[in-house]
Amino acid sequence: MFNIVLLEAYKIFTKWRTYIGFLTIGIIVPLIVVGLELSGINPAQGAMFSFQEEFITTGNLFNGWFLSHLIMHSLFVHIPFLITLVAGDSLAGEATSGTYRILLTRPVSRTKVIIIKYITTIFYTTTLVVFLAALSVGLGHLFFGGGDLIIFRDGILLLPFDEVWWRFLLAYFCALIAMWTVASLAFLSSSFVENAIGPIVGTMAVLIIFFILGELPIEFFKTLKPYLFTTYATVWMKAFEEPVNFNEIFNSVSYLCIYCGGFFLTTLYLFRRKDILS
């Protein structure tokens, strides 16, 4: 089983589209860091401008943690698209290349095929999120150093240095579970069609529709909001609240895990009964 997972992971990482996500993050994050360094712009100082009469600030508020938090807010809207590029191709890619029947003639059950492909999809998603975390935190600290984290949302929140690291770990963990949910949905969509474009576009369309429905100030849609997985996708932001509501985070992560399991089991059910003709 482990060797087959390694073989499937090798297949994924030998496709050029797998590296689009890494390449995108590998270009955007350094550009943001170098651009801020060369321009001398201090986003933290700019945000503090309206509070200068009420507060006296000392030390380096624009540091690696502030930059990493800024990048998380900016890029996590776009990360789902990068994930669907690979997750949406996981099953549909076999149909496109005409290798479905060859794959299923091997002495491996359909259940094992789905489990292995799902594990490698989750593995790819994990490496992409870890890459984003390592690059933004690493480059941020390399160029701007460390320190306390200042957050501007519904006022000002200053988190001390000794709390920031575990809050970031918690935030990235929650964000990872949310991205697993997106990958699971793309994986499910991939089982319906024989072209990877459909799952990519379809998954993004579902995300956009759910986000819009969740924000509409209409009573009917408010009753639907608890059932939309996008309602819990921003759970990572709660790691930077004071005090941290661990119960709410646990509940949101649990809901996301339930959606992941539901998408996976639906894929397994459909694939076991799928009539493979090509």
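Step by step: first the residues of region 179-209, then only those that are of a type in the set (A, V, I, L, M, F, W, C) and assigned to a loop (DSSP other than H, G, I, E, B), then the one that is farthest from Val244 (Cα to Cα). Which residue is that? Show your work before the answer.
Start the filter on region 179-209 by keeping residues that are of a type in the set (A, V, I, L, M, F, W, C), which leaves 179-180, 182-183, 185-188, 192-193, 196-197, 200-201, 204-209.
When the remaining residues are screened for being assigned to a loop (DSSP other than H, G, I, E, B), the result is 192-193, 196.
Details: Phe192: 40, Val193: 42, Ala196: 40 Å.
By that ranking, first place goes to Val193.
May I ask you to say which residue of Phe192, Phe144, Phe187 is in contact (Cβ under 8 Å) with a residue 60 or more places away in the chain and open to solvent by 40 Å² or more (accessible area, probe 1.4 Å)? Steps first, answer last, please.
Working: Phe144 fails: open to solvent by 40 Å² or more (accessible area, probe 1.4 Å); Phe187 fails: open to solvent by 40 Å² or more (accessible area, probe 1.4 Å).
Selected residue: Phe192, the only one of Phe192, Phe144, Phe187 that is in contact (Cβ under 8 Å) with a residue 60 or more places away in the chain and open to solvent by 40 Å² or more (accessible area, probe 1.4 Å).
Residues that are over 17 Å from the mean Cα position of the chain (by Cα), of a type in the set (A, V, I, L, M) and open to solvent by less than 10 Å² (accessible area, probe 1.4 Å): does region 115-130 have at least one?
Residues of region 115-130 that are over 17 Å from the mean Cα position of the chain (by Cα), as a first pass: 115-117.
Then keep just the ones that are of a type in the set (A, V, I, L, M); that gives 115-116.
So of that shortlist, the ones also open to solvent by less than 10 Å² (accessible area, probe 1.4 Å) come out as 116.
Yes, region 115-130 has at least one match.
How many residues does region 147-162 contain that are open to solvent by less than 30 Å² (accessible area, probe 1.4 Å) and of a type outside the set (Gly, Ala, Ser)?
Let us first name the residues in region 147-162 that are open to solvent by less than 30 Å² (accessible area, probe 1.4 Å), namely 147, 149-151, 159.
Now drop any that are not of a type outside the set (Gly, Ala, Ser), which leaves 149-151, 159.
Count: 4.
Please specify each residue of region 135-153 satisfying the condition of being part of a helix (DSSP H, G or I) and either at positive phi or of a type in the set (A, V, I, L, M) (or both). Working first, answer last.
The initial filter retains those residues of region 135-153 that are part of a helix (DSSP H, G or I), namely 135-144.
Matches in region 135-153: Leu135, Val137, Leu139, Leu142.
Does region 217-257 hold any residues that are among the β-branched types (Val, Ile, Thr) and in contact with a Gly (Cβ under 8 Å, 6 or more places away or on another chain), and which are they? Can you show your working first?
Restricting attention to region 217-257, the residues satisfying the condition of being among the β-branched types (Val, Ile, Thr) are 218, 223, 230-231, 234-235, 244, 249, 253.
If the condition is that a residue be among the β-branched types (Val, Ile, Thr) and in contact with a Gly (Cβ under 8 Å, 6 or more places away or on another chain), then Thr230, Thr231 are the ones that fit.
Filter region 131-141 for residues that are open to solvent by 10 Å² or more (accessible area, probe 1.4 Å) and of a type outside the set (Phe, Trp, Tyr) and give the result.
We begin by selecting, within region 131-141, every residue open to solvent by 10 Å² or more (accessible area, probe 1.4 Å); these are 131, 133-135, 137-139, 141.
Passing the criteria: Ala133, Ala134, Leu135, Val137, Gly138, Leu139, His141.
Return yes when Ile102 is aliphatic (A, V, I, L, M), surrounded by 19 or more Cβ atoms within 10 Å (Cβ to Cβ) and at pLDDT below 85 and no when it is not. First the steps, then the outcome.
On the way: aliphatic (A, V, I, L, M): yes; surrounded by 19 or more Cβ atoms within 10 Å (Cβ to Cβ): no; at pLDDT below 85: yes.
Answer is no for this residue.
Please go through region 254-276 and give me each residue that is free of Cβ contacts under 8 Å to residues at least 24 places away in the same chain, farther than 14 Å from Ser191 by Cβ and open to solvent by 80 Å² or more (accessible area, probe 1.4 Å), ordered by number.
Ile258
State whether one or more residues within region 162-173 are under 30 Å from Tyr269 (Cα atoms), assigned to a helix (DSSP H, G or I) and of a type in the set (A, V, I, L, M, F, W, C). Let's see the steps before the verdict.
Step one: of region 162-173, the residues under 30 Å from Tyr269 (Cα atoms) are 173.
If we keep only those that are assigned to a helix (DSSP H, G or I) as well, we get 173.
Next cut, of a type in the set (A, V, I, L, M, F, W, C) only: 173.
Yes: one or more hits.
Would you please list the contacts, defined by Cβ atoms under 6 Å and residues six or more apart or on different chains, that run from a residue in region 236-253 that is basic (Lys, Arg) to a residue that is open to solvent by less than 20 Å² (accessible area, probe 1.4 Å)?
Within 6 Å, the pairs are Lys238/Ile249.
Here is a list of conditions, (1) under 30 Å from Leu70 (Cβ atoms); (2) open to solvent by 30 Å² or more (accessible area, probe 1.4 Å), and Ala239 meets all of them except one; can you say which number that is?
(2) is the only condition that Ala239 fails.
Report whether or not Leu176 is under 22 Å from Glu248 (Cα atoms) and not in a helix (DSSP H, G or I). Lay out the reasoning, then the answer.
Details: under 22 Å from Glu248 (Cα atoms): yes; not in a helix (DSSP H, G or I): no.
When the stated conditions are applied, Leu176 does not pass them.
Every residue in region 242-253 that is over 27 Å from Ile115 (Cα atoms), open to solvent by 30 Å² or more (accessible area, probe 1.4 Å) and either among the hydroxyl-bearing types (Ser, Thr, Tyr) or at pLDDT 90 or above (or both), please. Outline the logic, then answer.
Start the filter on region 242-253 by keeping residues that are over 27 Å from Ile115 (Cα atoms), which leaves 242-249.
From the residues that got through so far, the ones that are open to solvent by 30 Å² or more (accessible area, probe 1.4 Å) too are 242-243, 245-248.
Asn245, Phe246, Asn247, Glu248, listed by residue number.
Keeping to region 70-92, report how many residues are among the hydroxyl-bearing types (Ser, Thr, Tyr) and either surrounded by fewer than 22 Cβ atoms within 10 Å (Cβ to Cβ) or in a helix (DSSP H, G or I) (or both). Don't jump to the end; show me each part of the working.
Residues of region 70-92 among the hydroxyl-bearing types (Ser, Thr, Tyr): 74, 84, 90.
Next, from what is left, pick out any that are either surrounded by fewer than 22 Cβ atoms within 10 Å (Cβ to Cβ) or in a helix (DSSP H, G or I) (or both): 74, 84.
Within region 70-92, residues that are among the hydroxyl-bearing types (Ser, Thr, Tyr) and either surrounded by fewer than 22 Cβ atoms within 10 Å (Cβ to Cβ) or in a helix (DSSP H, G or I) (or both) number 2.
Got a number for residues in region 130-163 being of a type in the set (Gly, Ala, Ser) and closer than 25 Å to Met179 by Cα?
Taking region 130-163 as the starting set, the residues that turn out to be of a type in the set (Gly, Ala, Ser) are 133-134, 136, 138, 140, 145-147, 155.
This time we only want the ones that are closer than 25 Å to Met179 by Cα, so: 133-134, 136, 138, 140.
Qualifying residue count for the region: 5.
The values are calculated or read from the model by the stated rules, or taken from the named source; none is laboratory data. Predicted model, so just to flag it, every value in this text is computed and none were measured. Don't worry about glycine lacking a Cβ; one is built from the backbone with ideal geometry, like all the others, and counts go over all protein chains shown. When the accessible area is computed, the model is the full protein with side chains, heavy atoms only, and any ligands, DNA or RNA have been set aside. Shrake-Rupley method; radii C 1.70, N 1.55, O 1.52, S 1.80 Å.
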